[in-house]
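Novice: The following block contains the structure, expressed as structure tokens.
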Amino acid sequence: MSEKPVKVLARNVHKSFGRNEVLRGVDMEVRAGEVACIVGPSGGGKSTFLRCINHLEKIDAGQLSVDGELIGYTQRGGKLYEMHDKEVAAQRRSIGMVFQRFNLFPHMTAAENVMSGPVVVRGDNKKQARERAIELLGRVGLGDRGDSYPMQLSGGQQQRVAIARALAMDPDLMLFDEPTSALDPELVGEVLDVMRRLAEVGMTMIVVTHEMGFAREVGDLLAFMDQGVVAEMGVPREILANPQSKRFQDFLGKVL
Amino acid sequence: MSADTREDIPAEREKPPIEAVPVRHPGRWVGAAIVAVAAAMLLHSLLTNPNWGWSLISNWILSPPILKGVGVTILLTILSMIIGLVLGIVLAIMRLSPNPVLSGTSWTFIWAFRGTPVYVQLFLWANIIALYTTLSLGIPFGPEFLTFDTKTLIPAFVAALLGLGLNEAAYMAEIVRAGILSVDEGQEEAATALGMSRMQTLRHIVLPQAMRVIVPPTGNETISMLKTTSLVIAIPLTNELFFQASAIGNRLFQPFPMAVMASLWYLFLTSILMVGQYYIERYYAKGAMRELPPTPIQKWRRRLRMGGAQA
Ligand SMILES: Nc1ncnc2c1ncn2[C@@H]1O[C@H](COP(=O)(O)OP(=O)(O)OP(=O)(O)O)[C@@H](O)[C@H]1O
Ligand SMILES: [Mg+2]
């Protein structure tokens, strides 16, 4: 397993909002094709870390790279240069992101949502982009709902459209921020199924979640993030069976 | 319905309609009667009092100078609103920009143009324009009326557009800004995560959703603009509706009927705008409601159909 190239590498990542130091030295290594799940108490910095990976937030210190390329900075002659907005946007294209509250574009149909990235960002031909969108919607089990507006879909369906929208940009890394937390319990399964299938075809994924079952079955890695650091990390079955710190034990006691 | 037909459809359960005496509202009837009497008195006076000058109005309402005035008023309204809307969007985006020079410039513009009366602005523009045209067109050429045309009428129109359009832009900027701020932050985040630039996000994601908040006040602004055009007398621009109507009124020593006539025209035009506004609002409600509200025509059809079913 360790033969695969490193996809995401975080070294001592720091991030503050004003005086509030949210990330205080996060270390993480995710290899291509792996699924890394992040769990931890609220406010521990999970979302913030995920947002740093595609530069929705700028890190203050440390190193964060995807495919060996620093996020948001270029290194020339031992010096760091901030990237231009355009270059950052280009980096983001190969990173898909799925949000807790779906964030579908409400003024567009499901198919238009999925097409929006390719058409607006890459300038793809509309007709072909639509065909591709319908095909992607088919992959998340919504091939017949292309003309529905988000308001007309259930939460689970909306989240699956959001996954298809992220996949439309052909990312090779997918970030999920609590993708099932806003869903009714009976709709959680359909979204997790789509994610499971995505993992099976070798997508590299970082998933913030409270679904321990998913983390145990699908995850290659499990990180417990608490108070701005990755406190424990390892193979899910092992660290779940044998949590080291008191805080991880307490956390597991609450969610399991 | 007889008993044997019911046997034919055994699954169907009987659903007797509720037969209740509706609540009576005697107060409403008294109120309606009072209003009806007052309206009848008003109508009677409108039709019989000669001071209203209805025959004069009907003689002039479709006359060439008035029709031309209506045309100029409409043109001024449309062009000023286009300037106001486009510049307003630009100002709103500048105002929300992280660049302090851009947001400061926008703030100052809005401050200056909202803080002074549009009548005064029109007057100032006329003088600024006159300053420049006398500099460039200082040498008289051609026959008298031609110099009059180029030197007065065109600059007057430009001054009117500048005065009305820029003043409107200051108000539209605030409307557009409120619209942009009304869009959920997650929308911008999702667009950014797809790799869209700030401008692409604004154009394709944020502004279309902001339109739902922007359109209703813009409709009001357009209606207001139609009436504000009567202030271009400050320049003076003389070929719009109200000036023409007053000029005719003064010539005939009948200013009152001519002002009523101008009001009828304004009412007619604003009514058309209100209908247009309804349909545009309906268009931009897309995605915000599961089902679009019916158009008035659809509403009438539905009512007719239901009436037919009840009869
Ligand atoms: N844009 C921001 N500005 C200021 N503070 C922020 C911002 N984003 C997050 N924070 C703060 O950072 C801290 C960590 O937030 P974060 O959302 O990363 O936690 P989390 O682990 O995802 O929690 P949850 O499980 O509740 O989603 C919180 O205290 C939050 O208030
Ligand atoms: Mg979070």
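The values are calculated or read from the model by the stated rules, or taken from the named source; none is laboratory data. Predicted, not measured: the structure shown is a model, and the values here were computed from it. FYI the Cβ positions are ideal-geometry reconstructions off the backbone, even for glycines, and counts take in every protein chain you see. To get the accessible areas, we keep the full protein, side chains included, count just its heavy atoms, and leave off ligands, DNA and RNA. Shrake-Rupley method; radii C 1.70, N 1.55, O 1.52, S 1.80 Å.
Novice: May I ask for the net charge around A:Arg247, where only other residues with Cβ less than 10 Å from the Cβ of A:Arg247 are counted and Lys, Arg are +1 while Asp, Glu are -1?
Specialist: Numbers: positive: A:Lys246; negative: A:Asp226, A:Glu232, A:Asp250.
With Lys, Arg at +1 and Asp, Glu at -1, the neighbours total -2.
Novice: Okay, next question. Go ahead and estimate [θ] at 222 nm for chain A from helices alone: -39,500 (n - 2.57) per DSSP H run with n ≥ 4, summed, over the residue count, rounded to 500. Present the calculation step by step, with values, prior to reporting the outcome.
Specialist: Working: 9 runs with 90 residues, N = 256.
Computed ellipticity for chain A at 222 nm equals -10500 deg cm²/dmol.
Novice: Right, something else. Return the value, in Å² to the nearest 100, of accessible area buried between chains B and A (probe 1.4 Å, both sides summed). Before the final figure, lay out the partial values.
Specialist: Working: alone 20580 and 12480 Å², together 31020 Å².
The buried area between B and A, both sides summed, comes to about 2000 Å².
Novice: Still on this model: Can you give me the distance in nm between label points at B:Met41 and B:Thr238, each placed 7 Å from the Cα along the Cα-to-Cβ direction?
Specialist: Between B:Met41 and B:Thr238, the simple spin-label model gives 4.4 nm.
Novice: Return the average number of partner chain Cβ atoms within 10 angstrom of each residue Cβ along peptide A:99-110.
Specialist: Details: counts 4, 1, 4, 2, 9, 4, 10, 9, 12, 6, 2, 0.
Partner-chain Cβ atoms within 10 Å, mean over residues of A:99-110: 5.
Novice: Which residues in the stretch A:137-161 have a backbone N closer than 14 Å to a point placed 7 Å from the Cα of A:Glu200 along the Cα-to-Cβ line?
Specialist: Answer for the stretch A:137-161: A:139-141.
Novice: If you don't mind, there's one more thing I want to ask. Among the aspartates and glutamates, select those whose C-alpha is under 14 Å from the C-alpha of B:Lys68, and discard any that sit fewer than 8 residues away in the same chain.
Specialist: B:Glu240
Novice: Let me ask something else. I want to make sure I understand the PRE zone here: with the label point 7 angstrom from the Cα of A:Gln227 toward its beta carbon, which residues in the stretch A:14-37 have backbone N atoms less than 12 Å away?
Specialist: So the set is A:24.
Novice: Would you pull out the residues with amide H under 5 Å of A:Thr204's amide H, same chain only if 5 or more places away, H placed 1.01 Å from N?
Specialist: A:Gly33, A:Met174
Novice: Give, as a single signed number, the net charge of other residues whose beta carbon lies under 11 Å from the beta carbon of B:Ala92, with Lys and Arg counted +1 and Asp and Glu -1. Could you put the intermediate results ahead of the total?
Specialist: Working: positive: B:Arg95, B:Arg177; negative: B:Glu174.
Neighbourhood net charge equals +1.
Novice: Does chain A classify as rounded, prolate or oblate by the C-alpha gyration tensor (a ≥ b ≥ c root eigenvalues; a/c under 1.5 gives rounded; else a/b over b/c gives prolate, otherwise oblate)?
Specialist: Numbers: a/c = 1.83, a/b = 1.22, b/c = 1.49.
Because a/c hits 1.5 or more and a/b fails to exceed b/c, chain A counts as oblate.
Novice: Would you please give the FRET efficiency between B:Leu124 and B:Ile34, computed as 1/(1 + (r/R0)^6) with r the Cβ-Cβ distance and R0 = 60 Å, to the nearest 0.05? Can you show the working numbers first?
Specialist: Values: r = 50 Å, r/R0 = 0.83.
My answer for the efficiency is 0.75.
Novice: Let me ask something else. Could you tell me what percent of the accessible area of the stretch B:20-70 is made up of carbon and sulfur, with a 1.4 Å probe and every protein chain present? Mind dumping the intermediate values first?
Specialist: Values: 3080 of 4040 Å².
Of all accessible area on the stretch B:20-70, carbon and sulfur atoms account for 76 percent.
Novice: I need the peptides B:56-63, B:254-261 ranked by packing, meaning the mean over residues of other C-beta atoms within 10 angstrom, with the highest value on top.
Specialist: Working: B:56-63: 14.9, B:254-261: 18.5.
Those peptides, ordered most packed to least, come out B:254-261, B:56-63.
Novice: Additional query: In what sequence, largest accessible area first, do B:Trp300, B:Trp29 appear using a 1.4 Å probe? Numbers along the way, then the final one.
Specialist: Values: B:Trp300 155, B:Trp29 195 Å².
From most exposed to least exposed: B:Trp29, B:Trp300.
Novice: How do A:His14, A:His210 rank by accessible surface area computed with a 1.4 Å probe, from largest to smallest? Please report the intermediate quantities before stating the final value.
Specialist: On the way: A:His14 45, A:His210 80 Å².
Largest accessible area first, the list is A:His210, A:His14.
Novice: Within the stretch A:155-185, whose backbone N sits under 12 Å from a point 7 Å along Cα→Cβ of A:Asp144?
Specialist: Of the residues in the stretch A:155-185, none has backbone N under 12 Å from the label point off A:Asp144.
Novice: Past the 28 Å Cα-Cα mark, which pairs from A:Lys46/A:Lys86; A:Lys4/A:Lys46; B:Lys227/B:Lys299? Walk me through the numbers before you get to the answer.
Specialist: Numbers: A:Lys46/A:Lys86 26 Å; A:Lys4/A:Lys46 25 Å; B:Lys227/B:Lys299 31 Å.
Distance filter (> 28 Å) returns B:Lys227/B:Lys299.
Novice: So how far apart, in nm, are the two label points at B:Ile18 and A:Lys254 if each is 7 Å from Cα heading toward Cβ?
Specialist: 4.9
Novice: Please calculate the 1.4 Å probe accessible area of A:Arg165, with all protein chains present, and give it to the nearest 10 Å².
Specialist: Looks like 10 Å² after rounding.
Novice: Right, next: Heavy atoms only, probe 1.4 angstrom, no DNA, RNA or ligands counted: give me A:Val88, B:Val101 ranked by accessible area, highest first. Please list the in-between numbers first.
Specialist: On the way: A:Val88 10, B:Val101 100 Å².
From most exposed to least exposed: B:Val101, A:Val88.
Novice: Distance in nm between label sites at B:Leu67 and A:Val6, each 7 Å beyond Cα in the beta-carbon direction?
Specialist: 8.1
Novice: From zero up to wherever the largest Cα-Cα distance of chain B sits, split into 10 Å bins and tell me the percent of pairs in each.
Specialist: 5, 17, 21, 20, 17, 11, 6, 3, 1, 0, 0
Novice: Let me ask something else. Leaving out ligands and nucleic acids, note down the accessible area per residue over the protein assembly as shown with a 1.4 angstrom probe, in whole Å². Mind showing how you got there, number by number?
Specialist: On the way: 31020 Å² over 567 residues.
Here the per-residue accessible area is 55 Å².
Novice: Under a cut-off of 13 Å between alpha-carbon atoms, report the aspartates and glutamates in cross-link reach of A:Lys127, not counting same-chain residues fewer than 8 places apart.
Specialist: Counting by Cα, and skipping residues close in sequence, A:Lys127 has these aspartates and glutamates nearby: A:Glu112, A:Glu135.
Novice: Another question about this same structure. Set the Förster radius R0 to 51 Å, insert the Cβ-Cβ distance between B:Phe253 and B:Tyr283 as r into 1/(1 + (r/R0)^6), and round the FRET efficiency to 0.05.
Specialist: Working: r = 49 Å, r/R0 = 0.95.
Approximately 0.55, to the nearest 0.05.
Novice: Work through the residues other than A:Asp184 whose Cβ is under 15 Å from its Cβ and net out their charges, Lys, Arg +1 and Asp, Glu -1. Could you put the intermediate results ahead of the total?
Specialist: On the way: positive: A:Arg101, A:Arg160; negative: A:Glu178, A:Glu186, A:Glu190, A:Glu211.
Local charge sum for A:Asp184: -2.
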